[in-house]
1. Name every residue in segment 1-44 that is in a loop (DSSP other than H, G, I, E, B) and loosely packed, with under 11 Cβ neighbours inside 10 Å, in order of residue number.
2. Report, ordered by the first and then the second residue, all pairs with beta carbons closer than 9 Å, sequence separation of six or more or different chains, a first member in segment 11-31 that is in contact (Cβ under 8 Å) with a residue 24 or more places away in the chain, and a second member that is part of a loop (DSSP other than H, G, I, E, B) and exposed (fewer than 10 other Cβ atoms within 10 Å of the Cβ).
3. Scan segment 48-70 and tell me whether some residue there is surrounded by 10 or more Cβ atoms within 10 Å (Cβ to Cβ), in a helix (DSSP H, G or I) and either modelled with pLDDT under 85 or touching a Leu at 6+ places or on another chain (Cβ under 8 Å) (or both).
4. Could you tell me how many of the residues in segment 71-82 are exposed (fewer than 12 other Cβ atoms within 10 Å of the Cβ) and not in a strand (DSSP E or B)?
Amino acid sequence: MIVTELVLNALKHAFPHDKIDHRITVAYDVAGTNWKLSIADNGIGKRTDPFAQARAGLGTSIVKALAQQLDARVEVLSGPQGTTVSVTHATFAKMPEAARNTMDLMQSSVHGHA
């Protein structure tokens, strides 16, 4: 559903002109339990009009809700060369408190015996 929403959003907003070389790229990278889904387009980028109201549409709300269910974060990078939306799930950033305390103790004991 995330891919569908982001591709539809790119089709709807990225290419308002009769540009010939429209491109939308979907990538999925995995490293162990970490993963990153990216949807990129070569469209016009986000509006920079200072009078444009910044509001999230239904598609954006759906993507954010789905990412939250997957314990992932959404990042949007946009410029004149297009927009990239990445949904990232990184398990290493969620180390439990007990494990952090164990790591701190291990590091303290290593440094204390040096």
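1. Here is the first cut: in segment 1-44, the residues in a loop (DSSP other than H, G, I, E, B) are 1, 14-23, 32-33, 42-44.
The answer is MET1, PRO16, HIS17, ASP18, ILE20, ASP21, GLY32, THR33.
2. none
3. Looking for residues that are surrounded by 10 or more Cβ atoms within 10 Å (Cβ to Cβ), in a helix (DSSP H, G or I) and either modelled with pLDDT under 85 or touching a Leu at 6+ places or on another chain (Cβ under 8 Å) (or both), one finds at least one in segment 48-70, hence yes.
4. 2
The values are calculated or read from the model by the stated rules, or taken from the named source; none is laboratory data. In this text, all values refer to a predicted model and were calculated from it rather than measured experimentally. Cβ coordinates were reconstructed from backbone atoms using ideal geometry, including for glycine residues, and neighbour counts include every protein chain displayed.
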